[in-house]
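The structure appears below as structure tokens.
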Amino acid sequence: MNWPNRLTIARVALVPVIVALLHFDTPVCQALALAMFIAASLTDWLDGYLARKYQIVTNLGKFLDPVADKLLVLSTMVALCGLARFPAWVCVVVLFRELMVDGLRLVAVQQGRVIAAGQLGKIKTTLQMLALMAVMLGEGAFGGLPVAQALIYAAVAMTLWSGIDYFVRNGQVLWQQGGPA
């Protein structure tokens, strides 16, 4: 258990705390939820930086890091959607993309392969996190801020683009060993 993997697990541990805080409609709880979301988002960058700098990239980390990102982003999106502060259709688009990519990853794992996150996926996650931060800073649906709206649409566009790219680059695993089941 290296430090990058510990940071990834810490990110997962913060998810229920962030979601719980979002449901308490007080300025202090909202500020704490935002602060914890920012801290959790920063661990995504830090764990990758440490893993590369100290050459401790592991298959566990390649698998766990994107799962932690998805838990953080999707849980926060759903919580904000439930509070009518985030558009439901965006949650559906993001969830669809993530389930499709995870399905492809599972097929790859069955073939003994671990597919690491690509650069577009990292940009996608960053845009999603920034959009959520902007919404958490604002009021009402879409965060009430033009920057939040722009970030949401940019995140959706990158979510779709990175998903298509992921399948173009890795779709061959579906056709190996006799094709999809």
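The values are calculated or read from the model by the stated rules, or taken from the named source; none is laboratory data. This one's a predicted model, so the numbers in the text were calculated from it and none came from an experiment. When we count neighbours, we look across all protein chains shown, and the Cβ atoms used for this are built from the backbone with ideal geometry, even at glycine. Heavy atoms of the whole protein, side chains included, go into the accessibility calculation; ligands, DNA and RNA do not. Shrake-Rupley method; radii C 1.70, N 1.55, O 1.52, S 1.80 Å.
Within region 26-38, the residues that satisfy the criterion of being without any contact (Cβ under 8 Å) to a residue 24 or more places away in the chain and not polar (S, T, N, Q) are PRO27, VAL28, CYS29, ALA31, LEU32, ALA35, MET36. Among the residues of region 106-117, those that are closer than 25 Å to ASP47 by Cα, part of a helix (DSSP H, G or I) and either open to solvent by 30 Å² or more (accessible area, probe 1.4 Å) or of a type in the set (S, T, N, Q) (or both) comprise LEU106, VAL109.
One line per residue, one yes/no per condition, for (1) at pLDDT below 95; (2) buried (at least 16 other Cβ atoms within 10 Å of the Cβ); (3) among the hydroxyl-bearing types (Ser, Thr, Tyr); (4) not in a helix (DSSP H, G or I):
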residue	(1), (2), (3), (4)
VAL12	no, yes, no, no
TRP45	yes, no, no, no
ALA51	yes, yes, no, no
GLN55	yes, no, no, yes
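Restricted to region 118-134, and to residues there that are surrounded by 20 or more Cβ atoms within 10 Å (Cβ to Cβ) and within 13 Å of the chain's Cα centre (by Cα), the residue that is modelled with the lowest pLDDT is GLY121.
Listed conditions (1) without any contact (Cβ under 8 Å) to a residue 60 or more places away in the chain; (2) surrounded by 17 or more Cβ atoms within 10 Å (Cβ to Cβ); (3) closer than 16 Å to VAL168 by Cα; (4) not small (Gly, Ala, Ser) are all met by CYS81, apart from (3).
Selection of region 101-129 for residues being touching a residue at least 60 places away in the same chain (Cβ under 8 Å), of a type in the set (A, V, I, L, M, F, W, C) and within 18 Å of GLN176 (Cβ to Cβ) yields VAL101, LEU104, VAL107, ALA108. One residue alone among LEU80, LEU32, LEU64, LEU14 is aliphatic (A, V, I, L, M) and within 21 Å of ILE152 (Cβ to Cβ), and that residue is LEU80.
The requirement of being of a type outside the set (Phe, Trp, Tyr), touching a Gly at 6+ places or on another chain (Cβ under 6 Å) and at pLDDT 90 or above is fulfilled nowhere in region 64-78; no residue meets it. Filter region 84-103 down to the residues that are farther than 21 Å from MET136 by Cα and surrounded by 18 or more Cβ atoms within 10 Å (Cβ to Cβ), then identify the one that is nearest to the chain's Cα centre (by Cα). Among those residues, the one meeting the criterion is GLU98.
Output the residues belonging to region 18-30 that are open to solvent by 60 Å² or more (accessible area, probe 1.4 Å) and either within 16 Å of LEU83 (Cα to Cα) or not in a helix (DSSP H, G or I) (or both).
HIS23, PHE24, ASP25, PRO27
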